[in-house]
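The values are calculated or read from the model by the stated rules, or taken from the named source; none is laboratory data. Since this is a predicted model, take the numbers as computed values, not measurements. Here the Cβ positions follow ideal geometry from the backbone for every residue, glycine too, while neighbour counts run over all protein chains shown.
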Amino acid sequence: MDDSQQDALQEVPSRILEAVSRVVVGKEEVKLLLLSALLSGGHVLIEGMAGTAKTLLGKAFALAIGGEFKRIQLTSDLLPTDVTGFYLYRPDGSSKFVPGPIFANIVLADELNRTTPRTQAAFLEAMQERQVTIEGSAHPLPEPFMVIASQLPTGGAGTYPLADVQADRFMFRAWSAYPAPEEEAEVLSKIDVLEEPRVEPVTTPETVLALRERVRDVFVSEAVREYVVELVNRVRGDSDVLVGPSPRASIALYKGSRALAYVEGRDYVLPDDVKRLVLPAMVHRIHVRSEAEMDGVTPETVLQRALESVEVPKAGP
């Protein structure tokens, strides 16, 4: 790949962020997490109260990528086959596979925790192995493939908590908060445009795959790798933690920090890249002991302790 092609690829992440920002005010960290996950081959869970632009953000991001986009509105009566697809049998004994909405480059699973655990589980194989198995036959999903799921805060009316194995499939969990006063004022001033968002694709699935190859070339020093491992193990060893993060947390920090470095124009990872991703990569993978919860300890508390207690390696390639 010559220098001009590399320069053209380097500009794509910023074009994606610009396209999304035309219709989504604020939420810069969530946008960055979505982009980092896309360039790392991961999935993102966006949690927040109703009306905080979770669906709009996911849809705008998907449209900016190009390729095929599908939205699945999760409800309590949805069946797994409504997600994965099914075989249609004809009277003559032949059959035809009817693919479900999971067969797309970007899948928006809206309000994932409003559907039953049985239907939630329909996403597991797709998110991990990039395929779905129906009646013994494996059907590969298109590449790139990414799930952006939204959910209401756990414990709300009509919600089903995500199983640990389901939450662990998400590279990052992002929080969609209420807008700041100045952001809400900007929303009001642009409401006529925002209610009819038009997001034009600024890249292609093929370009996204090329970007992923470039991200894999980002250098991660041995000291930074050890920093990632030490952070995860410090969280696991915290006395207030009942269930600690799986190795997928280490992988998310490692791959996500490479993507973050690439987006910011570097070919090497800094410890600050790792620190920036600690909370979104691990907060949904931790269960705090009930007695610690009664004392006000949260997963965020545990993660902050780890960040403060683990020595930060020297920055630089």
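When the residues of segment 169-198 are narrowed to those that are farther than 22 Å from residue 50 by Cβ and surrounded by 14 or more Cβ atoms within 10 Å (Cβ to Cβ), which ends up nearest to the chain's Cα centre (by Cα)? Restricting to residues being farther than 22 Å from residue 50 by Cβ and surrounded by 14 or more Cβ atoms within 10 Å (Cβ to Cβ), the top hit is 171.
The rows are residues; the columns are (1) in contact (Cβ under 8 Å) with a residue 12 or more places away in the chain; (2) over 29 Å from residue 185 (Cα atoms).
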{"position": "10", "(1), (2)": "yes, yes"}
{"position": "13", "(1), (2)": "yes, no"}
{"position": "20", "(1), (2)": "yes, no"}
{"position": "48", "(1), (2)": "yes, no"}
{"position": "54", "(1), (2)": "yes, no"}
{"position": "59", "(1), (2)": "yes, no"}
{"position": "65", "(1), (2)": "yes, no"}
{"position": "85", "(1), (2)": "yes, yes"}
{"position": "92", "(1), (2)": "no, yes"}
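Within segment 203-221, is there a residue that is exposed (fewer than 12 other Cβ atoms within 10 Å of the Cβ) and more than 24 Å from residue 144 (Cβ to Cβ)? No, there is no match, as no residue in segment 203-221 is exposed (fewer than 12 other Cβ atoms within 10 Å of the Cβ) and more than 24 Å from residue 144 (Cβ to Cβ).
Of all positions in segment 6-16, none carries a residue that is of a type outside the set (Phe, Trp, Tyr) and in contact with a Pro (Cβ under 7 Å, 6 or more places away or on another chain).
For residue 225, the test of being surrounded by 11 or more Cβ atoms within 10 Å (Cβ to Cβ), in a helix (DSSP H, G or I) and out of contact with any helix residue (DSSP H, G or I) (no Cβ under 6 Å at 6 or more places or on another chain) is passed.
Taking the stated definitions as given, is residue 111 more than 13 Å from residue 69 (Cα to Cα), surrounded by 15 or more Cβ atoms within 10 Å (Cβ to Cβ), modelled with pLDDT under 90 and among the acidic types (Asp, Glu)? Walk me through how you get there before you give the answer.
Numbers: more than 13 Å from residue 69 (Cα to Cα): yes; surrounded by 15 or more Cβ atoms within 10 Å (Cβ to Cβ): yes; modelled with pLDDT under 90: yes; among the acidic types (Asp, Glu): yes.
The answer is yes for residue 111.
Within segment 43-73, the set of residues being in a loop (DSSP other than H, G, I, E, B) and either at pLDDT below 90 or within 15 Å of residue 13 (Cβ to Cβ) (or both) comprises 49, 50, 51, 52, 53, 66, 67, 68. All of 266, 258 fail the test of being surrounded by 15 or more Cβ atoms within 10 Å (Cβ to Cβ) and over 26 Å from residue 149 (Cβ atoms), apart from 266.
Residues in segment 249-276 that are basic (Lys, Arg) and modelled with pLDDT of 95 or more were compared, and the one that is nearest to residue 307 (Cα to Cα) is 275. One residue stands out among those in segment 81-102 that are in a loop (DSSP other than H, G, I, E, B) and either of a type in the set (D, E, K, R) or in contact with a Phe, Trp or Tyr (Cβ under 9 Å, 6 or more places away or on another chain) (or both): the one that is surrounded by the fewest Cβ atoms within 10 Å (Cβ to Cβ), which is 92.
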